[in-house]
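Written below as structure tokens is the structure these notes are about.
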Amino acid sequence: MPFCQKTLTILYLENIILQLVDEKRLILYLRVIMLPKPLYELASKLQYFPGVGVRSSQKLALDILELPPEKYGELIESLSSVRQQVTFCKECGFFADQALASGLCDICENTSRKQHQLCLVEKPTDVLTLEKSQIFKGRYHVLTNLISPLDNIFAEHTTLGDLLERRVQDLLASGLPELELILFFKAGFSGDATTAYIKDILVQKQLVERVNITKLAQGLPMYYNPDTLDQATMVRALEDRRPA
Ligand SMILES: [Zn+2]
């Protein structure tokens, strides 16, 4: 085989191996050989979590195996009960403790939080992102979804009805002269569609004079994602928010 062709063949084979490694198949194949099946099964299930790859899942599986019996028992108990014990706050949609009779999350229970600022987020985990900034002292409303007609997601698939028909009305009726809705969701088509819908409903209900809509300041990446914002950027963006 001529040198050049041989080199190309080796490069081709290396490429195939790299692709296999990329797709985790080669590593998984090696793990199957090395790990007993239950450990391999546990490691593969730990890969359900974002950011947990083959190596870290294997390490976690081994760490779990080596836990002292009492801690292992506590972990199993937490895993089996967390879904039954965590619910969503009946006021804002953030995570709440099922055992609390109020049905409210810690934030809604906290009477010192500002009533006149409602931050609209897409997912409950976005609340945690914003709480890390420690400068927002208002309350939240979790929309669950953003409107995206291309994906067949409309207003009825969000909690916008609950926000605009109940919450905003209740807050204004309670004596608040004005309300600020702060939009904290990823920019782009679905964010724009959701913003347009909110504005539309406020116009229909003749509430534009009493409800201000603001969004995070310019300077953020155009298609920012709340999950990936660093704390300093988030603080600055919140402080310099502007009309939406
Ligand atoms: Zn709440």
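Every read-out reported here was derived from the displayed coordinates using simple, explicitly stated rules and does not represent laboratory data. On a predicted model such as this, the values are computed, not experimentally measured, just so you know. Note that we place each Cβ from the backbone using ideal geometry, even for glycine, and neighbour counts take in every protein chain shown.
Remarks
- Distance in nm between pseudo-label sites at residue 170 and residue 156 (7 Å out along the Cβ direction from Cα): 2.3
- When peptides 154-166, 197-209 are ranked by their average number of other Cβ atoms within 10 Å per residue, the highest-first order is 154-166, 197-209.
- Links that overshoot a 19 Å alpha carbon limit, given the list 90/186; 37/59; 123/199: 90/186; 123/199
- Extension reserve of the residue 109-residue 230 stretch, reckoned as 0.36 nm per residue once the Cα distance is removed: 40.8 nm
- Using distinct alpha-carbon pairs, which all enter the 1/r mean, Kirkwood radius of the range 112-243 in Å: 15.0
- At R0 = 51 Å, FRET efficiency that the Cβ-Cβ distance of residue 63 and residue 100 yields, to 0.05: 0.95
- The calculated FRET efficiency for the pair residue 178 and residue 77, based on their C-beta separation and a Förster distance of 51 Å, comes to about 0.60.
- Length-normalised contact order of the range 112-243 in % [C-alpha pairs under 8 Å, at least 6 apart]: 26
- Computed from the C-beta positions of residue 207 and residue 37 and an R0 of 41 Å, the FRET efficiency is 0.10 to the nearest 0.05.
- Rg of the Cα atoms in the range 63-130, relative to 2.2 N^0.38 Å, amounts to 1.47.
- Fewest-first ordering of 88, 136 by other beta carbons within 10 Å of each residue's beta carbon gives 88, 136.
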